[in-house]
Amino acid sequence: MKKKPSSKVKSKAKSSDTATPKRTADILFRRNEKNEILIMHLEELESYYCIDGIAADFWELIDGKRSTDEICGILAKRHEEDQAYIASNAKKLLTQLKKFGLCTA
């Protein structure tokens, strides 16, 4: 099973998200030679998730200390992108990550 949460839909919506996402404890992940991050549940070794681009950078910044807004601000500067665009896509990404049990917020 290979999932790629999208980070390509543009939106000008403005909202504040002070949630502090945290990766779940039973997760392994690594960045491969294609610059994608592969994520695997230790309890579900037959499947993995694959994210790339800004979504992969977002995943690496999830530490249980930074808020979603803080992470989006870092990524907006790093990628010279509109923070509202990043935040809109981060919300969609977090929904998918939570659905698959990869993080909490």
Exception for residue 2 within (1) touching a strand residue (DSSP E or B) at 6+ places or on another chain (Cβ under 6 Å); (2) modelled with pLDDT of 95 or more falls at (2)
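Residue by residue, here is whether (1) hydroxyl-bearing (Ser, Thr, Tyr); (2) surrounded by 15 or more Cβ atoms within 10 Å (Cβ to Cβ); (3) out of contact with any helix residue (DSSP H, G or I) (no Cβ under 6 Å at 6 or more places or on another chain); (4) without any contact (Cβ under 8 Å) to a residue 24 or more places away in the chain holds:
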| residue | (1), (2), (3), (4) |
| --- | --- |
| 30 | no, no, yes, yes |
| 59 | no, yes, yes, no |
| 71 | no, yes, no, no |
| 75 | no, yes, no, yes |
| 80 | no, no, yes, yes |
| 86 | no, yes, no, no |
| 90 | no, yes, no, no |
| 97 | no, yes, yes, no |
| 102 | no, yes, yes, no |
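The values are calculated or read from the model by the stated rules, or taken from the named source; none is laboratory data. All figures in this text were calculated on a predicted structure; none of them were measured in a lab. Note that each Cβ is placed from the backbone with ideal geometry, even for glycine, and that neighbours are counted across all protein chains shown.
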